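Following: one structure in structure tokens, then a few remarks.
The values are calculated or read from the model by the stated rules, or taken from the named source; none is laboratory data. Since we're looking at a predicted model, the values are computed, not measured. All Cβ positions, glycine included, derive from the backbone under ideal geometry; neighbour counts span all protein chains shown. All accessible areas refer to the heavy atoms of the entire protein, side chains included, with ligands and DNA or RNA removed. Shrake-Rupley method; radii C 1.70, N 1.55, O 1.52, S 1.80 Å.
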Amino acid sequence: MADRKKEQEREELHRAIWAIADELRGSVDGWDFKNYVLGTMFYRYISENLTSYINDGEHAAGNEGFEYAKMSDAEAEEARDGLIEEKGFFILPSELFVNIQARAASDDNLNETLERVFRNIEESAKGSYSEKSFSGLFDDFDVNSNKLGGTVAKRNERLVSLLNGVASMDLGSVKDHDIDAFGDAYEYLMTMYASNAGKSGGEFFTPADVSELLTRLGTVDKKKVNKVYDPACGSGSLLLKSAKILGKDNVVTGFFGQEINITTYNLCRINMFLHDIGVDKFDVACDDTLIDPRHWDDEPFELIVSNPPYSTEWVGKDNPLLINDPRFSPAGVLAPKSNSDLAFIMHSLSWLAPNGTAAIVCFPGIMYRGGAEQKIRKYLVDNNYVDCVIQLPSNLFFGTTISTCIMVMKKGKSDNKILFIDASGEFVKVTNNNRLTQENITDIVGAFTARQDREYFCRAVSREEVAQEGYNLSVSTYVEKEDKREAVDINELNAEIRRIVISQVNLRGDIEEIIIRIEMGDLGRLIARLCPDGVECRAIREIYLRLKGTPITAGRMREIDNPDGNIKVFAGGKTVINAFEEDIPDANIIRRPAVLVQSRGVIDFIFCDEPFTFKNEMWAYTADEIISVKFLYYVLKKIGR
């Protein structure tokens, strides 16, 4: 039932988003469109969040009929400082989403109105503890862009459609949804438009089921954690999953992340707000984590969950300072320039708390490739940091169908073994993608917790065995695939083949007899009576010899024509003349019985048992006593037309 409810909520949200897309199609590029929709959703949410907070306070104080949205701006100004201190931002009643949307259709300067409102929201946080969280949040929402329309009127028309569309979304209380409503909208928009926009697939949104698996792996036997960190946080879905599973109050200090893409960074901050994470509980930075990490003062982290970009390039050894970076130097080598995957692994390990767990989605190639990657794996294995490697099913992520892996790392392991889990079959198919069900997730986490060998599914392997395998960490090296092919009895199979062959022989004889009766008529029946044991069927080309004709021109025909001649000359059609033998090259004279085939007009057959020649647009067949040529003539005359 829970899975069905999730799908229903997802379908409803998708229908609402697509309705807006219909309104804007052809006007706004798909990649830009997602910024307008998600920005408007954020505007609606923080408006409703602030309104609900103020209304709840007034109602609790006995003012049951109070509605902040109907309050005058002048009265509301008196509460500005207090609300900024409590919520981190402030919105005047007249600038709330519900009021702007209600007046939008009649506002000839709607673009300027929205620009002013967004600026006021960002500026309300300036000088406060929330300034960093609000700064630049609406930068990707360009209300004056020509992409919305060539004139102010056209742009405002699109903005009205956008406000009305988002207002019609049945988002309810987003924080209580069974799906990550905002994140799901982000993933859906990426699915709809990324391929058409020609954008990179590096900004994967981690699906909710994979996010849950990573978080549950990282929080086994834990009711709370100090800090959660994602070095490639994208839109923040992985950080927020820990709040969903543990409860946001059980992430004591807060949520930390870094994202290199400015647009996705803004979306992550918006997502934090949409999930009611206070501005004092999250710190998301925008920069390259591998080159310029922004949370040196906040590490180590008790829980690290991440789905970093797969096989992307980084500066690597071209930056001579990195080999001495405390995050990378312990391995004695840097990840290859062409594949930064293990650089994220080393960074995460470096910032992991002694009692912490890191669960990282990995590209499968880093588990078995040689060179620098093998040396880094050796460091991880020899120092007992790798706790588990899990092979995931294919096609779980948007933008790639590859079968990814999860590497779980710990600094305080209780044993010296590495658990390998083959979860490649743990999925159900939903539309075009595979999904992990709650049963799948529970099965994987159960095996991870028990650490007991299970045939064809999981196996705990000693570090010595991994070393013998060249530090290969591919699950398939250690967990045997179940052979689900049906067992075959070879003797029974051979007996069945013999029965089939005998049956085919009998059937072929029956078919040949039927064909003779049907297609050859009297001749077939005569042959059957004369040859009760059957006859051998041979192709004509195997019995008869096809002869080549003589290239005789029309003039030559008239020249050699002589009624007293002793050689017949056959031409196309019905033309037959006599000629003297000395006028025809000996090589072209046929001196044995043959059947001629005339092809001009109606096909006809001529039997000739005296010397003759013929033009090359005809055919002639003869034989070397294998069978009567006259019989060939009879057959062709009877059935060959």
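Give, as residue ranges, the strands (runs of 3 or more DSSP E) completely inside the range 348-428 that count at least 2 residues that are small (Gly, Ala, Ser) and touching a residue at least 60 places away in the same chain (Cβ under 8 Å). Step through it out loud before you land on a result.
Details: elements: 352-362, 386-391, 405-410, 417-422.
Ranges flagged: 352-362.
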Cross-chain or 6+ apart pairs with Cβ under 6 Å, the range 588-602 first and closer than 19 Å to Ile552 by Cβ, then open to solvent by 50 Å² or more (accessible area, probe 1.4 Å) and modelled with pLDDT under 85: Val597/Trp619
Residue check, Tyr456 touching a Lys or Arg at 6+ places or on another chain (Cβ under 9 Å), open to solvent by 70 Å² or more (accessible area, probe 1.4 Å), assigned to a loop (DSSP other than H, G, I, E, B) and at pLDDT 85 or above: yes
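Taking the condition under 21 Å from Cys405 (Cα atoms) and open to solvent by 30 Å² or more (accessible area, probe 1.4 Å), does Pro336 pass? Walk me through it before giving the result.
Details: under 21 Å from Cys405 (Cα atoms): yes; open to solvent by 30 Å² or more (accessible area, probe 1.4 Å): yes.
Judged against the criteria, Pro336 is a match.
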The one condition in (1) among the aromatic types (Phe, Trp, Tyr); (2) within 22 Å of Gly316 (Cβ to Cβ); (3) in contact with a helix residue (DSSP H, G or I) (Cβ under 6 Å, 6 or more places away or on another chain); (4) open to solvent by less than 20 Å² (accessible area, probe 1.4 Å) that Phe420 fails to fulfil: (2)
All positions within the range 608-623 that are assigned to a loop (DSSP other than H, G, I, E, B) and under 14 Å from Pro551 (Cβ atoms): Asn616, Glu617, Met618
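Picking from Asp297, Asp276, Asp280, which residue would you name as being open to solvent by 50 Å² or more (accessible area, probe 1.4 Å), in a loop (DSSP other than H, G, I, E, B) and under 30 Å from Glu48 (Cα atoms)? Quick ask: steps written out before the conclusion?
Numbers: Asp297 fails: under 30 Å from Glu48 (Cα atoms); Asp276 fails: open to solvent by 50 Å² or more (accessible area, probe 1.4 Å).
The unique qualifying residue is Asp280.
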Residue within the range 393-400 that is out of contact with any Phe, Trp or Tyr (no Cβ under 8 Å at 6 or more places or on another chain), modelled with pLDDT under 95 and among the aromatic types (Phe, Trp, Tyr) present: no
Some residue of the range 438-450 being among the β-branched types (Val, Ile, Thr), closer than 30 Å to Arg10 by Cα and open to solvent by 50 Å² or more (accessible area, probe 1.4 Å): yes
Any chance Lys244 is part of a helix (DSSP H, G or I) and out of contact with any Cys (no Cβ under 9 Å at 6 or more places or on another chain): yes
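Looking at this structure, is Leu217 more than 21 Å from Asn307 (Cβ to Cβ), touching a helix residue (DSSP H, G or I) at 6+ places or on another chain (Cβ under 9 Å) and modelled with pLDDT of 55 or more? Working first, answer last.
Values: more than 21 Å from Asn307 (Cβ to Cβ): no; touching a helix residue (DSSP H, G or I) at 6+ places or on another chain (Cβ under 9 Å): yes; modelled with pLDDT of 55 or more: yes.
So Leu217 does not fit the description; no.
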Selected residue (only one of Phe90, Phe42 is in contact (Cβ under 8 Å) with a residue 40 or more places away in the chain and not in a helix (DSSP H, G or I)): Phe90
